[in-house]
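The values are calculated or read from the model by the stated rules, or taken from the named source; none is laboratory data. Small disclaimer: the values here were computed from a predicted structure and weren't measured. Cβ sites come from the backbone with ideal geometry, for glycine too, and all protein chains shown count toward neighbours.
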Amino acid sequence: VTLSNYNHKELLFKFLIIGDYGVGKTAVVRRYTEGKFSSNYKVTIGADFAIKTLNWDPHTKINLQLWDIAGHERFGYMTRVYYKYAVAAALVFDISRITTFQSVKKWLNDLREKVTLPDGSNIPIILLANKGDIKHTAIPTEQINKFCKDNKIAQWYVTSAKENKNIDEAMHFLVENVLKSK
Ligand code: GTP
Ligand code: MG
């Protein structure tokens with residue numbers, strides 16, 4: 001959606017936040033949109049969404065609509081509905097739990113099968129290795145690098161919703177990619 005007058009543009013982008021249950025999707029969204037973190041785990045049912053407004057440059061305002069999809073939804077019949085009109089995605093895993101990294105491939109396949117841009121191309125995707133504040137990391141960096149290369153994921157970040165690490169950077173990268181492809 002583009003609203004423009006002579007020198008001001010306002011854009012609306014839908015981003016998906018997906019990955020296994022408990023990896024910190026809701027925590028990442030909350031940190032990014034509200035600047036808060038809680039260590040209580042409240043399972044997301046279905047999907048939630050939040051808005052983040054970015055004053056990108058003096059002429060451009062971007063409203064990011066972040067769709068925080070419940071981890072247990074991968075086999076749910078709603079995913080196709082939730083994915084509709086998305087222009088980018090952040091795929092999240094928990095760096096301390098290997099099973100959540102193993103699931104990334106399944107989430108990626110689901111995403112690539114169900115979401116394409118109007119011109120038929122894939123949407124930009126980044127990988128977030130969340131809970132980077134936990135000292136025990138279960139997955140070696142080289143393995144994540146290789147996975148991204150093999151699967152054409154442009155970028156990955158070690159993030160922490162708890163310590164506010166790399167979340168702004170990761171979202172910024174995605175926005176830049178979306179703008180580039182416009
Ligand atoms: P579902 O809604 O079930 O799909 O899970 P989710 O991916 O939304 O996970 P959620 O954000 O609810 O986080 C799960 C648990 O991990 C909570 O107890 C969070 O406090 C914790 N958590 C999330 N992010 C971090 C982080 O960066 N570091 C640490 N140490 N804990 C985190
Ligand atoms: Mg959640």
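Here are a few things to note about the model shown:
- Check on VAL104, more than 16 Å from ligand 2 (Cβ to nearest atom) and within 17 Å of the chain's Cα centre (by Cα): yes
- Selection over the range 148-182 of residues that are touching a Gly at 6+ places or on another chain (Cβ under 8 Å), among the small types (Gly, Ala, Ser) and either within 9 Å of ILE126 (Cα to Cα) or in a loop (DSSP other than H, G, I, E, B) (or both) gives a count of 1.
- For the range 7-40, the candidate set comprises residues that are away from ligand 1 (no atom under 13 Å from the Cβ) and not hydrophobic (A, V, I, L, M, F, W, C); within that set, the residue that is modelled with the lowest pLDDT is ASN7.
- The single condition from (1) assigned to a loop (DSSP other than H, G, I, E, B); (2) touching a helix residue (DSSP H, G or I) at 6+ places or on another chain (Cβ under 9 Å) that SER96 fails is (2).
- For the range 70-96, filtering for residues that are within 15 Å of ligand 2 (Cβ to nearest atom) and either among the β-branched types (Val, Ile, Thr) or more than 14 Å from LEU111 (Cα to Cα) (or both) leaves 6.
- The set of residues from the range 98-133 being among the hydroxyl-bearing types (Ser, Thr, Tyr), more than 19 Å from ILE144 (Cβ to Cβ) and in contact (Cβ under 8 Å) with a residue 24 or more places away in the chain comprises just one member, SER121.
- Matching residues, the range 70-89, being aliphatic (A, V, I, L, M) and either surrounded by fewer than 16 Cβ atoms within 10 Å (Cβ to Cβ) or in a helix (DSSP H, G or I) (or both): MET78, VAL81
- Residues that are surrounded by fewer than 15 Cβ atoms within 10 Å (Cβ to Cβ) and basic (Lys, Arg) were ranked within the range 131-182; the one that is nearest to ligand 2 (Cβ to nearest atom) is LYS135.
- Cβ-Cβ under 7 Å pairs, at least 6 apart or on other chains, the range 148-173 side at positive phi, far side aliphatic (A, V, I, L, M): ASN166/VAL158
- Residues that are more than 14 Å from LYS165 (Cα to Cα), free of Cβ contacts under 8 Å to residues at least 40 places away in the same chain, in contact with a helix residue (DSSP H, G or I) (Cβ under 6 Å, 6 or more places away or on another chain) and not polar (S, T, N, Q), drawn from the range 19-51: ALA47, ALA50
- When ASP119, ASP110, ASP133 are checked against the criterion of being over 20 Å from ASN164 (Cα atoms), of a type outside the set (Ser, Thr, Tyr) and either part of a strand (DSSP E or B) or more than 16 Å from the chain's Cα centre (by Cα) (or both), a single residue qualifies: ASP119.
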